[in-house]
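The values are calculated or read from the model by the stated rules, or taken from the named source; none is laboratory data. All values derive from a computational prediction rather than experimental measurement. Neighbour counts run over all protein chains shown; Cβ positions are idealised from the backbone, glycine included. For the accessible areas, the whole protein counts, side chains as well, though only heavy atoms, and no ligand, DNA or RNA atoms are used. Shrake-Rupley method; radii C 1.70, N 1.55, O 1.52, S 1.80 Å.
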Amino acid sequence: MPGPEPEPACPDCGLAGDIHPTHYHWWIRLEPEDPEPFAAHTIPPRQRWHIDPGGTAWNSQDDEPRPGQTCRISHHLVCPRANRPDLAVWLTARTAANEERSALLQSQLRVQGDAA
């Protein structure tokens, strides 16, 4: 089993993700399925994550997805604060949406702090 479970909130942007242990003995923060899971055929190989019935995340590596199969992605791929080289087109919209969500979260936290 990996070390202590990390907090759901990303330490870089503050957005919550779904934390799962992996078969590789570490934790992964996955993007929530909201608003919807990703169609696996739209996600590049080695970026497709699945959750087994026990809650453990596994990566399908280079396996070709079945028709209609969905998958999850690592939050790090679309974290608006992560340093990444060029983003693939399929990441751009999600990263922009996360930037808006992160700004809203930070604004809400400031309002809560001001009210205290």
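Here are some notes:
- Taken over the stretch 3-27, the residue count meeting the criterion of being loosely packed, with under 11 Cβ neighbours inside 10 Å, in contact (Cβ under 8 Å) with a residue 24 or more places away in the chain and within 20 Å of residue 101 (Cβ to Cβ) is 0.
- Screening the stretch 56-73 for residues that are open to solvent by less than 80 Å² (accessible area, probe 1.4 Å) and part of a strand (DSSP E or B) and picking the one that is nearest to residue 31 (Cα to Cα) gives 72.
- From the list 80, 45, 67, the lone residue that is in contact with a helix residue (DSSP H, G or I) (Cβ under 7 Å, 6 or more places away or on another chain) and either charged (D, E, K, R) or at pLDDT 85 or above (or both) is 80.
- Among residues of the stretch 1-38 being aromatic (Phe, Trp, Tyr) and not in a loop (DSSP other than H, G, I, E, B), the one that is modelled with the lowest pLDDT is 38.
- Answer residue from the stretch 39-55, given it is within 15 Å of the chain's Cα centre (by Cα) and in a loop (DSSP other than H, G, I, E, B) and is farthest from residue 94 (Cα to Cα) among those: 46
- Considering residues of the stretch 28-46 that are touching a Ser or Thr at 6+ places or on another chain (Cβ under 7 Å) and over 12 Å from residue 18 (Cβ atoms) only, the residue surrounded by the most Cβ atoms within 10 Å (Cβ to Cβ): 40
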